Each structure stands twice: as C-alpha cells, then as structure tokens.
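The values are calculated or read from the model by the stated rules, or taken from the named source; none is laboratory data. Keep in mind it's a predicted model, so treat the numbers as computed, not measured. A quick note on method: Cβ atoms are made from the backbone with ideal geometry, for glycine too, and the neighbour counts reach across all protein chains shown. Ligands, DNA and RNA are stripped out before the accessible areas are found, and what is left, the full protein with its side chains, is counted by its heavy atoms. Shrake-Rupley method; radii C 1.70, N 1.55, O 1.52, S 1.80 Å.
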Amino acid sequence: MMKTVPLLLLFLLFILPQTSAEIICEIEGTWKLSFDITNTNPYTVFIAVPDEIYFFNKPLGYSGDFLKLDIIGTVTTNKNIEDYYTTLNGETGIWIPPYTTVRIYKDGNFSYNLSTSETQAEFKVVPPALMDTTEVFDETQLKSLYKYGIVVNNYRLYVNGKITKSPDTKTVSIIIPAPLVLKDYSSFYKFIGKYDVDIWTDSYRKYVDKHKTLKKYSKLNTFIDYTLVPNMDNDPIDMDINLKLFDVPAMVFTTDNGEIKPLEFSYVMYK
C-alpha cells in the first residue's frame, strides 16, 4: 500500500495540465510624496513622522476581453532622517509652532513583475494584456491628527518609472494603470519627452469599457486594430457616472523594444 502513493502522484503529474508563470514585463521606479501639516492650536505640538508610508492595493474592473496578468510587487519607503527632525520620548518627528504650516517630504521605490500563468494548449486569439490593480496612498496614517487640531492638505505625489519588456516575449500589447495614485486626486499631469509617444489615456475604466463596446460592434471589420485605439467617450452623462467610481489614468501601448531601451514614464498628482 505504501508503494502505490508515489506511483499515483507520478501518474497525476503526467495527466494534469502543466502551468508555469511567464513574465511579460517588469515595472520599477521611484515615488516622492509631500504634504502640508498645519497646527491650528495656540500652542506648539510635536508630530511624530513614521518611517513607512503605506499604500494599499486597489483592484480595478476588467473584462474577459483582456489577458489578466498576475502581479507580484512591492512599494518601499526610504528611511530618510531630515535635518529638522528631532526626538521626543523616543519618537522621531518635528515641533510645529502655533498657527504654522510645515511641509513633509517622503520618498521610496516600487517594483512589479507582471506575468501570465495561462497554458498554451489550443489555437486562440490573444487579447491585450491587462494590469488590473493600482496602489493608493493610505491617508489613515494621518487622519488621527485631525482630532488634535492638526490639518493635513496639499498632497503632491510624483512618480517616475520604466517598463522593461521580458526577453521571453517578442512583443507586448498591454494596459497599465498609473502604478501609484492619490485617492480622489484633483489633478494629474503626465510628462512626455520631446521625442516620446504619448501612451496615456485619461481613464482606465472608460478605456476598458470602450474596448468591450468596440469589439462588440466591429466583428466584421478585421483590418483595424481596435484593441489599442484610445477612443474616449465625451458624453457628459457617461462622464458624470464615471466620476462617482474609482478611476485612474492608464498607459496603453504595444512595443517590441527589449531591455536595451525600456519605456519610461513619469507623472504628478495633486490633491
């Protein structure tokens, strides 16, 4: 009886489908966050500044018309100790005089591996790949200050990064939302180099929805690649609906550039 267990496991290994993760591309870069802290009290307060700035993962909507990718990534904070920091009762932070505003700066790094684990067992039409999550700055670290008469505002998040295609794939056709964002941001500015192509679309959600609509009504036209046409719907009613939903800008592109020339991007958000 004991001898049949290994034989059964070996048999299962042969009959079950074999899957392995195939890396599509890598995303890496840096982020810089700043915001104002204002003391509205008539006395000086000491504000402790944490080592880590947290971002939480936010899933985005997607459809079966895309190849949903597996995402493995991290967002880290650099352990910077500013010259104006001091300590109180073992806590590192700053003294803020009455009715005074101090600008806080934090920065760090981020990196992601995007891969697919789908088996290549049949003939099929391969859709654009899709990264369906983003990382959102977690303001809960600051909310406890409000009950002490401390106001936090004027957020600014700057992100600079690059997308490197894996050598295991010849061409990448993909939709990538802004990797790090401010929740309920008020404005977004993309930075485009002099000779760079603008790969940004204003709305991840609207782009995915538009892709589904175009695919539905364009089955007879096989000469136009609708998968990566950034057609945006300017219907005011539709815009009002989308404003109520969580949404972010996104990068949409097809490239066969390899590791020698990664695709670079940078943007800034304000709130």
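At a 1.4 Å probe radius, which order do Lys194, Lys147 fall into by accessible area, largest first?
Lys194, Lys147
Provide the three semi-axes, in whole Å and in decreasing order, of the ellipsoid equivalent to the range 15-95 as defined by the square roots of 5 times the Cα gyration tensor eigenvalues.
Taking √(5λ) for each Cα gyration eigenvalue gives 44, 16, 12 Å.
Could you check the spin-label model distance between Ser186 and Leu145? Points 7 Å from the Cα along Cα→Cβ, value in nm.
Calculated label separation equals 1.7 nm.
Using only alpha carbon pairs under 8 Å that are at least six residues apart, calculate the relative contact order of the range 108-215 and give it in whole percent.
After rounding, I find 34 percent.
What does the accessible area of Arg205 come to, in Å² to the nearest 10, when a probe of 1.4 Å is used?
Here the accessible area works out near 60 Å².
Amide H of Ile175: which non-local residues (sequence gap of 5 or more, or other chain) have their own amide H closer than 5 Å, using H built in the peptide plane?
Answer set, sorted by chain and number: Ala129, Leu130, Met131.
Can you sort Thr87, Thr134 by solvent-accessible area, 1.4 Å probe, largest first?
Per-residue accessible area, sorted high to low, gives Thr87, Thr134.
Using a 7 Å offset from the Cα along the Cα-to-Cβ direction at both Glu122 and Lys68, what is the distance between the two label points in nm, to one decimal?
Rounded to a tenth, the inter-label distance reads 1.9 nm.
Just the accessible area for Asp198, please: 1.4 Å probe, Å², rounded to the nearest 10?
Taking all protein chains as shown, Asp198 has close to 80 Å².
Using alpha carbon centroids, what distance separates the range 26-89 and the range 126-182, in Å?
10 Å
Can you figure out the FRET efficiency of Asp83 with Asp168, using R₀ = 45 Å and their beta-carbon distance, to the nearest 0.05?
About 0.45, to the nearest 0.05.
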